[in-house]
Amino acid sequence: MARLADVARKAGVSVATASRALVRPEMVAERTRQRVRDAAIELGFRYHPSAQALATGRSRLLAMIVPDLTNPFYATIIAGAQRAAEEAGNDLLVVVSDESPERERTLIDRLRDRVDGFVAIAPRGPASLFTLPDVPMVLVDRRARGVPSVVIDTPGGLHEMGAHLAGLGHRRIAYLGGPRGSWADPRRLDGLRNGSGHEVVAFGPLPPTFEAGNRIADELVASGCTAAVAYNSALFLGLMYRLATLGVQVPEQLSVCCADDLAEFGLAVPEATTLHVPTEDAGASAVRTLLGVVDGRPPEPRHRSVPVELVIGATTAAPA
């Protein structure tokens with residue numbers, strides 16, 4: 001069985017350089033890194049993860065806690081996070097909290113000695129859960145004192161969306177809210193209210209699902225609102241489906257907007273008024289921030305805001 005010293009000898013480098021090339025590739029020049037990798041492949045050498053952890057104090061394994069795996073919004077954040085982790089020579093372990101603070105705590109307790117750190121997407125637990133000593137942590141779409149975060153500026157986007165609807169003449173706007181305990185949900189509602197300057201009727205909290213959007217549609221139609229903004233794509237699609245069943249024309253009778261992208265659903269017709277949200281960028285930024293924390297480099301800024309873009313489509317118009 002080939003040893004690290006054999007790889008170093010064949011690549012013409014020291015054992016320490018060979019180790020860095022395989023364990024911390026970002027610390028070694030590209031040409032040297034490739035020479036060591038080629039030697040390792042030719043000799044059939046594999047650097048065992050346990051040996052790596054003992055030698056460096058790093059497992060090169062990161063954990064990402066997500067509320068659920070049915071929401072494509074989270075899936076694209078995961079995709080960006082995985083890309084950034086692999087680019088830095090790390091693996092990403094994805095675990096599901098089922099939107100439960102108790103399960104978040106259980107996952108952190110179970111994995112804290114196995115991983116280098118955590119990225120938590122829209123966690124529901126108390127802030128104290130994410131400020132544990134010696135547990136590197138980065139939050140996505142949530143802020144907690146002393147914890148680095150990457151927050152998508154959906155509230156700012158909804159402020160702009162509210163202004164768009166007010167400009168069309170809407171004076172009574174519905175907001176189909178997010179799940180109970182969501183940190184982002186009241187901030188999105190405030191952004192919409194401040195942007196429109198008119199009455200906003202809040203429905204919810206609602207599960208961020210197609211079924212919930214479908215179920216709330218009748219109550220929305222009876223409310224007298226002339227426009228509606230859905231917390232996420234799944235709610236939007238459920239609402240649109242039920243409105244079509246009821247014979248409510250969009251946007252002639254009701255303008256409908258969505259607070260995140262619909263591209264992941266392949267929805268092209270009708271083109272919706274929505275927010276373009278760079279979710280993959282947010283996931284990648286969160287992992288890079290976490291790696292900096294693990295390496296002892298405090299992030300600047302500590303709380304990064306990811307801008308969104310209002311995309312005006314065919315689902316909004318002046319009220320009848």
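The values are calculated or read from the model by the stated rules, or taken from the named source; none is laboratory data. Computed from a predicted model, the values in this text were never measured in an experiment. Cβ coordinates were reconstructed from backbone atoms using ideal geometry, including for glycine residues, and neighbour counts include every protein chain displayed. Ligands, DNA and RNA are stripped out before the accessible areas are found, and what is left, the full protein with its side chains, is counted by its heavy atoms. Shrake-Rupley method; radii C 1.70, N 1.55, O 1.52, S 1.80 Å.
Counting Lys +1, Arg +1, Asp -1, Glu -1, what net charge surrounds A284 among other residues with beta carbon under 11 Å of its beta carbon? Before the final figure, lay out the partial values.
Details: positive: R83, R288; negative: E86, E87, E280, D281.
Around A284, the surrounding residues sum to -2.
Tell me which residues come under 5 Å, amide H to amide H, from A202 once H is placed; ignore anything under 5 positions away on its chain.
Residues meeting the amide H criterion: Y175.
Which cross-chain or sequence-distant (5 or more) residues have an amide H under 5 Å from the amide H of W183, H modelled 1.01 Å from N in plane?
none
All other residues with a Cβ under 12 Å from the Cβ of T226 taken together, and with Lys, Arg as +1 and Asp, Glu as -1, what is their net charge? Show your work: numbers first, answer last.
Values: positive: R171, R172; negative: E199, E252.
My count for the surroundings of T226 gives 0.
Highest first, please rank the peptides 137-144, 26-33, 222-229, 192-199 by the mean number of other Cβ atoms sitting within 10 Å of their residues.
On the way: 137-144: 23.1, 26-33: 13.0, 222-229: 20.5, 192-199: 17.9.
My ranking of the peptides, most packed first, is 137-144, 222-229, 192-199, 26-33.
Considering only the other residues whose Cβ falls under 12 Å of the Cβ of V151, what net charge follows from Lys and Arg at +1 and Asp and Glu at -1? Walk me through the intermediate numbers first.
Values: positive: R142, R143, R187, R188, R302, R304; negative: D141, D153.
Surrounding charge for V151 is +4.
Provide the per-residue ³J(HN,Hα) series for segment 175-182, in order, calculated from phi with Karplus coefficients 6.51, -1.76, 1.60 and θ = phi - 60°, each as a whole number of Hz, with x at glycine and proline positions.
Ordered by residue, 3J(HN,Hα) equals 10, 8, x, x, x, 4, x, 5 Hz.
Quick one: 3J(HN,Hα) in Hz for segment 235-249, Karplus 6.51/-1.76/1.60 with θ = phi - 60°, rounded, Gly and Pro as x.
Using θ = phi - 60°, the values come out as 4, 4, 5, x, 5, 4, 4, 5, 4, 5, 5, 7, x, 7, 7 Hz.
Let's test this: bin the Cα-Cα distances of the chain at 10 Å from zero up to the farthest pair and state each bin's percent.
6, 24, 26, 19, 13, 7, 4, 1
Please work out how much accessible surface L246 shows to a 1.4 Å probe, ignoring ligands, DNA and RNA, in Å² rounded to 10.
Its accessible surface works out to 70 Å², give or take rounding.
Suppose accessible area is computed on protein heavy atoms with a 1.4 Å probe; arrange E280, E99 from highest to lowest.
Order by accessible area, largest first: E280, E99.
Could you tell me which of P298, L220, A317 has its Cα farthest along the dipole of the chain towards the positive end, charges placed at Cβ (Lys, Arg +1; Asp, Glu -1), taken about the Cα centre?
Going by the Cα projections, it comes out as P298.
For a quick check of your reading of the filter: which chymotrypsin sites (Phe, Trp or Tyr not before Pro) in segment 182-211 sit in a DSSP loop and have no more than 10 other Cβ atoms within 10 Å?
On the way: sites: W183, F203, F210; in loops: W183.
Filter output for segment 182-211: empty list.
From the phi of every residue in segment 277-289, what ³J(HN,Hα) in whole Hz does the Karplus formula 6.51 cos²θ - 1.76 cosθ + 1.60 yield, where θ is phi - 60° and glycine or proline is x?
Once rounded to whole Hz, the list reads 10, x, 5, 5, 4, 5, x, 5, 5, 5, 5, 4, 5.
How do H303, H159, H164, H170 stack up against each other in accessible area, from largest to smallest, with a 1.4 angstrom probe? Provide the component values of the computation, followed by the final result.
On the way: H303 60, H159 85, H164 35, H170 0 Å².
Sorted descending by solvent-accessible area, the residues read H159, H303, H164, H170.
Once R0 is set to 25 Å, what does the formula 1/(1 + (r/R0)^6) return for the Cβ-Cβ distance between A29 and D295, expressed as a FRET efficiency to the nearest 0.05?
On the way: r = 19 Å, r/R0 = 0.77.
It comes out at approximately 0.85.
Per DSSP H run of at least 4 residues, take -39500 (n - 2.57); add these up for the chain, divide by its residues and hand me the 222 nm value, nearest 500 deg cm²/dmol.
After summing the helix terms and dividing by residue count, I get -13500 deg cm²/dmol.
May I ask for the Rg/Rh ratio of segment 154-277, computed from Cα atoms with Rh as the Kirkwood radius, given to two decimals?
Details: Rg = 12.8 Å, Rh = 13.9 Å.
Rg/Rh for segment 154-277 comes to 0.92.
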